[in-house]
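Just so you know, all these numbers are worked out from the coordinates, no wet-lab data involved. The model shown is predicted, which means the values in this text are computed figures rather than measured ones. With ideal geometry, Cβ positions are generated from the backbone for all residues, glycine too; neighbour counts draw on all protein chains shown.
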Amino acid sequence: MKKSIKSIIATTVLGTSLITGISLASAGSEKSELKSNKIAFFGSPTSSISSSVSVPQNYNRLSFSGTVPPLLNKDGKTTYERYGDTETQAIGILKTLKADLKAKGLSMSDITYLRVYLTPDPNKGDKQDYQGWFNAYAKFFNTKGNPVKTARSTVGVDSLVNSDWLIEIEAEVAYKNKSK
């Protein structure tokens, strides 16, 4: 009995020491990344988004105000015909951001943060279609072509300026000054 209690105590102490050591090593790594002159994304490797992003002082910042979905069919009789469902609208917005970034010599990999507003979808039980947004996000971020996992907030709201819009996206971008 005494041997098993000692064994349990020893295992607990060893396990706690290992966890503490790994946590401290990870924290030390994050501290050094904060001192880096490169953008650093932090968070769980299994998550599709980052929990935080560090942008060094030597980067320029660009903010996109609320970008809304493009009109698909002005003669459409329903929201879906005019603008599409949440996923379609989100893809349209992300394509718009991508084109605007490209015109500025930037890319989707320069986006560090997204703030997303979702309204209830009448065809989805008057609830926000979070999955539709997540599906669209997955086509542009944390992919082979763009491994960046932005920090992100997704907020359910009652409505947007146009009742056909199911989603609106704000973006924060960081990029190196190319003249230096």
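Some points to look at:
- Distant-in-sequence amide H partners of Val148 (H built 1.01 Å from N, under 5 Å): Asn142, Thr143
- A simple rule links phi to the HN-Hα coupling: the Karplus curve 6.51 cos²θ - 1.76 cosθ + 1.60 with θ = phi - 60°, which for the stretch 57-72 gives 4, 7, 10, 8, 10, 9, 10, 9, 6, x, 9, 10, x, x, 6, 8 Hz, with x for Gly and Pro.
- Evaluating 6.51 cos²θ - 1.76 cosθ + 1.60 at θ = phi - 60° for every residue in the stretch 167-172, the Karplus couplings come out as 8, 9, 10, 9, 9, 10 Hz, glycine and proline recorded as x.
- Among 146-153, 99-106, 61-68, sorting by the average number of other beta carbon atoms lying within 10 angstrom of each residue, highest first, gives 146-153, 61-68, 99-106.
- For the stretch 85-180: lysine pairs under 16 Å (alpha-carbon distance), excluding those fewer than 8 apart on one chain: 9
- Three principal axis extents describe the C-alpha atoms of the stretch 40-176; from largest down they are 49, 32, 26 Å.
- Dividing the mean sequence gap of close Cα pairs (under 8 Å, 6+ apart) by how many residues the stretch 69-180 holds gives a relative contact order of 35 percent.
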